[in-house]
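Right, one structure below, let's go through it.
The numbers here are math on the coordinates, done by the rules we state, and not lab data. Everything numeric in this text was worked out from a predicted model, so none of it was measured. Here the Cβ positions follow ideal geometry from the backbone for every residue, glycine too, while neighbour counts run over all protein chains shown.
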Amino acid sequence: MKFQAMEVLFGKNTPKQMIPKVTLLAIFAILVFTVTPLSYPLFRYSSTVKSVKDIKQQPSSAFDDLNESSSLPSTSIKKCDIFNGEWVPNPNAPYYTNKTCWAIHEHQNCMKYGRPDSEFLKWKWRPFACELPVFNPFQFLEIVRGKSMAFVGDSVGRNQMQSMICLLSRVEWPIVVSHRQNDYFMVWKYPTYNFTLSSFWTPHLVKSKESDQKGPTSTGLFNLYIDEPDESWITEIEDFDYVILNGGHWFTRSMVYHENQKIVGCHYCLLENVPDLTMYHGYRRAFRTAFKAINNLKNFKGITFLRTFSPSHFENGIWNQGGNCVRRKPFRSNETELEGVSLEFYMIQLEEFKLAEKEGRRNGKKFRLYDVTQATLLRPDGHPSRFGHWPNDNVTLYNDCVHWCLPGPIDTWSDFLLDMLKMEGVRSAEERRLQLKNN
């Protein structure tokens, strides 16, 4: 399924139409010299395996395929739309298990809590126009050597970060270096690679505060200051090399919007004389404020990735009214489509991203679209559902069709990210070539 919205916003020009033959030859030469260093981790294996053996927890058997440098996934780079494709069987997955990775959040530890099927683990994403290599932890850590990466957003972002830690565990386990050791704000360090991985939990991206634990729908009532970024993350990211921004599901709850210290409207707050501006107003303004705040960071030289909306898959009811996700295989691209709230959130993200990217070009800021929406839409089978706790636990938990089992489909997001980082290397080499030519 190809999103027509992408063509509306970004045009229909293809790379072949845009790049002359001479430039193609130049890019080919650059690729040769850019890709070659990426194979360097293959020759580092003997030095990194020692740190892995020191860990009591052993990697999953699926990772045995990576024990020889010759069998590591390909280092090749081919420019194509990696986000448009289908899920295809992958008998080699998964690349870790819940027994070999301690970073899995309990509520996403589906196999521990009795999920009876494992077929949902045996798929990989295949773009229509090229092959997307399986995530190579050696390559990734070599590319981010000496750098830092921040996940900024809600608990789905934390879900993704924990997936990445599990995938990287084949090479090295991180150590905790944060002062606040909780699920909301964590800082990890990969000492061999001097790579820092951080998580900043900010469900609305802007300043917010719960004013009523119940609210009109018994899911809470929140005050959102839609013109003020949440200081818990915006004051921390200026020195980061990569910032992965996300947000979505919290905006469906009841909210009161504040701007210039005044109430300007709400989403289903049922307050007298307060106009209902819908959830979409708050969502748009939150991303606009977040992007503006990043563009205003004078010393920020990193890259901001907008990780697009990850649709939920509740059927036969919403999340707190009996909805569940019981499917056991992916959709084909012609079996479903983005619609309703998910489509509106996705379109708002694209529109605000385009505005931020345009503004960023004026002051040297870099924005990249990290579009997981289509691949995510096609995986109704990958959620914890009721397998995030024991059936007899004395807790109030609903069927979870928002987050992702680990291991599971969310691991593919790291395949996307590694490919994007490789392309950043190609882009940087091309920019340096043009600068030398102009000088």
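Using a ≥ b ≥ c from the Cα gyration tensor of the stretch 207-344 (square roots of the eigenvalues), is it rounded, prolate or oblate, where a/c under 1.5 gives rounded and otherwise the larger of a/b and b/c decides, a/b for prolate?
Oblate, since a/c reaches 1.5 and b/c is not below a/b.
Just going by the charge dipole of the stretch 238-313, with Lys and Arg at +1 and Asp and Glu at -1 on Cβ, which of G265, Y242, Y283 is farthest out on the positive end?
The listed residue farthest towards the positive side: Y242.
Please find the FRET efficiency linking S428 to R126, where r is the Cβ-Cβ separation and R0 is fixed at 30 Å, and quote it to the nearest 0.05.
0.65
Taking K and R as +1 and D and E as -1, what net charge do the other residues with C-beta under 15 Å from the C-beta of R253 add up to?
-2
Could you sort 286-298, 329-341 so that the peptide with the highest average Cβ count within 10 Å comes first and the rest follow in order?
286-298, 329-341
Per residue of the stretch 417-433, in order, report the coupling 6.51 cos²θ - 1.76 cosθ + 1.60 (Karplus, θ = phi - 60°) as ³J(HN,Hα) in whole Hz, putting x for Gly and Pro.
With coefficients 6.51, -1.76 and 1.60, one gets 5, 4, 4, 5, 5, 4, 5, 4, x, 5, 4, 5, 5, 5, 5, 5, 5 Hz.
HN-Hα J couplings of the stretch 366-379 from phi, Karplus 6.51/-1.76/1.60, θ = phi - 60°, integer Hz, Gly and Pro as x?
10, 10, 10, 8, 9, 8, 9, 4, 5, 4, 5, 4, 7, 10
Hey, can you grab everything whose amide H is under 5 Å from the amide H of R368? Only 5+ residues off in sequence or another chain; H modelled, so Pro and N-termini drop out.
Residues meeting the amide H criterion: T304, F305, L306.
Taking the highest mean first, how do the peptides 168-180, 101-113 order by number of other beta carbon atoms within 10 angstrom per residue?
In decreasing order of mean packing, 168-180, 101-113 become 101-113, 168-180.
Past 29 Å, Cα to Cα: identify those pairs from K124/K365; K207/K366; K99/K189; K214/K262; K207/K358, in the order given.
Check vs 29 Å cut-off fails for K124/K365.
Checking the a/c ratio against 1.5 first, then a/b against b/c, what shape does the Cα gyration tensor give for the stretch 107-163?
oblate
Using amide H atoms built in the peptide plane, which far-off residues or other-chain residues are under 5 Å from E236 H to H?
none
Amide H to amide H under 5 Å from K207: which residues, 5+ apart in sequence or cross-chain, H placed 1.01 Å off N in plane?
The list, which skips near neighbours in sequence, is Y225, E228, D230.
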